[in-house]
Amino acid sequence: MYYPQAVLVGFITFAGVLLFSLLTVNSRTIVRQRLLAIARVRGVKTVIDAEDMCLPFRDRVLKPALETCGKRIARLAPLAVHINVRQRLIQAGHPGKLQTNGFLAITAISTLILPVLALTAGWVFGLPVRSIAGLTLLSVLSGLFIPWFWLSRKATERIHEVDLALPDAIDLLVVSIEAGLAMDMALAKVTEKMQGPLPDEFARTLNEIRLGKRRRQALKDLGNRVGSKSLSTFLNTVVQGTQMGVSLGSMLRIQSERVRQERRQRAEETAMKAPIKMLFPMVCFIFPALFVVLLGPAVIRIIQAFQNM
C-alpha cells in the first residue's frame, strides 16, 4: 500500500545525497589523485599532462553532451526558431557560455522530464486520470516556456544594464574626445575605465575594427547585436555625424542629454506603473485581512443577535 511513497522518498533521498556529494567533493582533487596513482604505477615521477581531465564535470561532460543532443534536435527545429534563439542568446550575453544547440537541448530535456515527473506524482498520489492528463499538459507547456522565459529575462536585464551605463559612457567619450583622442581610443578608454556589458561590447567592436571591419559597419553591428534602442539611436547618430563632418564633442554632449532624459522618462514611467501593480496584491491579500479585522466583530454580533431572537 505504501510502496509508491517509499519509492518516491528513496528517489528524493538518492538525488539529495548525489547533489550534496557533487557540491562538496572537489573533482579536480580526485582527478589529480588518480593521475598520481597512475603515474606511480607506470614509474613516472610527474603527473600525467591531462588538462582536459582537470576541467570541471560541467565543462567536461555536460556541455559536450548538450551540444551533441542540441545538434540532433536543431535539425527538427524551424529556421525561425534558430534565428530567435541565437538573437536572444547574443542579447543575453551567452549566459553560462550557452550556445543555440545547448539551449535547444535544455528546452527538449525540460519538456521531457517535467511530464514524467507529473505522471509519477499523479500515480503516486492517486489522482484521477483527467487531473493527471491536465497536469501533464501543463508540465509540457511549462517545459517549453520556462527556458525561453529565463533567456528573455536575462536579455532584458542585460539591455537594462546597457541603458543605465550609456550616459556615463557617453560622458567619458566626451571627455576623451575633447582631450584630443580619436574615436577608437575614446572607446578603448571606456572599456578601460568601466565594467559591465556595455564596455564588453565596445571591446568586441574595437577588436572587429582592428581585424579589418569598417568602423561604420562595426558600430551598426553593435547596435543590432545588443538590442537597446537608446544605444542604436546613439550609434546611428555618431555614424551620420562622422559622415557629415560634425564635431563629435558637441554631438556627444547633445546625445548625453538626450539619453539622460530618456532614462529619467523611463524612471517616471516605472513610478507611474507602481500603484497599478500594487493594486492586485492589495485586493488579494491586504483588503481581505482588513475586512476581517474591521467587519469581523460586527458580523459576530449580528449572528449572535439573530441567534438570541
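The values are calculated or read from the model by the stated rules, or taken from the named source; none is laboratory data. In this text the structure is predicted, and so the values were computed from the model without any measurement. Backbone-built Cβ (ideal geometry, glycine too); neighbour counts: all protein chains shown.
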Can you pull out every residue in region 246-283 that is among the hydroxyl-bearing types (Ser, Thr, Tyr), in the same structural domain as Ser228 (by TED's automatic domain parsing) and not in a loop (DSSP other than H, G, I, E, B)?
Ser250, Ser256
Criterion first (on the phi > 0 side of the Ramachandran plot and either touching a residue at least 12 places away in the same chain (Cβ under 8 Å) or surrounded by 14 or more Cβ atoms within 10 Å (Cβ to Cβ) (or both)) does Gly196 satisfy it?
yes
Checklist (1) touching a helix residue (DSSP H, G or I) at 6+ places or on another chain (Cβ under 8 Å); (2) surrounded by fewer than 17 Cβ atoms within 10 Å (Cβ to Cβ); (3) at pLDDT below 80 applied to Pro95, failing item:
(3)
Return the only residue of Glu257, Glu262, Glu208 being surrounded by 10 or more Cβ atoms within 10 Å (Cβ to Cβ), acidic (Asp, Glu) and over 28 Å from the mean Cα position of the chain (by Cα).
Glu257
Kindly indicate whether Val238 is free of Cβ contacts under 8 Å to residues at least 12 places away in the same chain and either over 21 Å from Ala179 (Cα atoms) or among the hydrophobic types (A, V, I, L, M, F, W, C) (or both).
no
For region 214-245, which positions are in a loop (DSSP other than H, G, I, E, B) and surrounded by 14 or more Cβ atoms within 10 Å (Cβ to Cβ)?
Gly227, Ser228
